[in-house]
Amino acid sequence: MAAKRSSAKGPSRARTRTASTGDDLGQLRATIAEIRARIESEARKRGIKFPSFEQTARAPKRFVAEINALSKKGRQLRSSLKRALGNPDPWRLRDQARSMLGAMKTELEQRTSEIKDKGEQLNELIRHSARQALHILQSKSRSSKRRSSSRAGS
């Protein structure tokens, strides 16, 4: 078995690429945090109310919690169905199970549509917040250009 040869040329291209990508990612995160802070402070100055980034980040967690609660309720209904049925007539058992499954299915469809609607509302809030942020940044940019051109003209 041949031993691996070490390269005297230095680190491989893949390692240097990932290192620079990590630096770029860090810079991008810092830029995002800076822009987010500027947008929030500008919005507070102007009295604009829109959900914070933390609120929009928490919304999917609430959806997951609702889904988990629904699955827990489904398990409870299944176990209560098993207890209630015991060892009865198989035809009656089948009919009861079908009716309970139908009720559970309609409830699941309703809850699913509610969650889908909430997701769409959340997406609309995010789009609205982004438009407001863009408007704030553009108006701030225009006002700073006007101030600099008026100073240059004086």
Rounded, prolate or oblate (a/c below 1.5 giving rounded, otherwise prolate when a/b exceeds b/c) for region 51-140 by Cα gyration tensor:
prolate
Mind giving me the FRET efficiency for ARG142 and GLU34? R0 is 22 Å, r the Cβ-Cβ distance, nearest 0.05 is fine.
0.65
Determine, for each peptide in 63-73, 127-137, the mean count of other beta carbons within 10 angstrom over its residues, then list the peptides with the highest first.
127-137, 63-73
Nearby aspartates and glutamates by direct alpha-carbon distance to LYS61 (threshold 18 angstrom, same-chain neighbours under 8 apart not counted)
GLU114, ASP117, GLU120, GLU124
On a 25 Å Cα-Cα criterion, which of the cross-link pairs LYS45/LYS118; LYS82/LYS118; LYS45/LYS145; LYS72/LYS105; LYS73/LYS118 come out too long?
LYS45/LYS118; LYS82/LYS118
Region 28-36 - phi-based ³J(HN,Hα) in whole Hz, Karplus 6.51/-1.76/1.60, Gly and Pro as x:
5, 5, 5, 5, 4, 4, 5, 5, 4
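Values quoted throughout were computed directly from the atomic coordinates according to the rules given, and no laboratory measurement underlies them. Keep in mind that what you see is a predicted model, and the values were worked out from it rather than measured. Cβ sites come from the backbone with ideal geometry, for glycine too, and all protein chains shown count toward neighbours.
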